[in-house]
1. Here is a list of conditions, (1) surrounded by fewer than 22 Cβ atoms within 10 Å (Cβ to Cβ); (2) at pLDDT 90 or above; (3) over 13 Å from the mean Cα position of the chain (by Cα), and GLU171 meets all of them except one; can you say which number that is?
2. If the requirement is being surrounded by fewer than 17 Cβ atoms within 10 Å (Cβ to Cβ) and at pLDDT 90 or above, which of these qualifies: ALA45, ALA97, ALA58, ALA63?
3. Restricting attention to the range 158-189, and to residues there that are free of Cβ contacts under 8 Å to residues at least 60 places away in the same chain and β-branched (Val, Ile, Thr), which single residue is nearest to THR105 (Cα to Cα)?
Amino acid sequence: MLKVEKIVLGLAAFALVSCSDISRVCRHGLSAAPWMQRILSANAASSGSLPMSTIDVAPRDEAPLKVTWKQLSDVIFTRKYDEKMQMPMLYPSFSRAIKALNGKTVEISGYMVPIDPKGSMYVLSANPNSSCFFCGGSGPESVMALNFKSKKPDFETDDYIKVKGVLRLNEKNIYEMYYNLDNAEITGK
């Protein structure tokens, strides 16, 4: 399995928490989340045949649009049963305003949540770790996967940063976050 597939699968696993109460296992590691092991096992069994993304967007070199978490909250979720995972999942319906941002270079600020203990998976959150999506403190629209353009920087949990990158929306792939920032770069702290 490619490293990119592992990262995508790991990030998608966190989208699953929208269907369960994980506040009792609020540790951002694989050992504390048995449901994540289930997802990783499902991907391994599929021999990497899972889709990488639902929307392909070519990166553009343009001035970033300032985006807020309030803007990104303009989304409605529909709960549908997923046969492969054998559990209900949330599927987003993005507003027109959010869809207009797809493929655009955007800039957003938030709190870093290093998901992988080795530091290869990063999520930007609208809220600090103590009240983030993974702890049951907010919805799945309040987190964004960061796919860094170059070497992944070193972060501490709850570092407040500003990043820019190409926003990629995910409407169907349950193995990915709903919001993904590709070619991400830190623009401020």
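1. If we test GLU171 against (1) surrounded by fewer than 22 Cβ atoms within 10 Å (Cβ to Cβ); (2) at pLDDT 90 or above; (3) over 13 Å from the mean Cα position of the chain (by Cα), just (3) comes out false.
2. Checking each option against the conditions leaves just ALA97.
3. If we take residues in the range 158-189 being free of Cβ contacts under 8 Å to residues at least 60 places away in the same chain and β-branched (Val, Ile, Thr), then VAL163 is nearest to THR105 (Cα to Cα).
The values are calculated or read from the model by the stated rules, or taken from the named source; none is laboratory data. None of the values given here were measured: they were computed from a predicted structure. Neighbour counts are summed over all protein chains in view; Cβ atoms, including those assigned to glycine, are modelled from backbone coordinates with ideal geometry.
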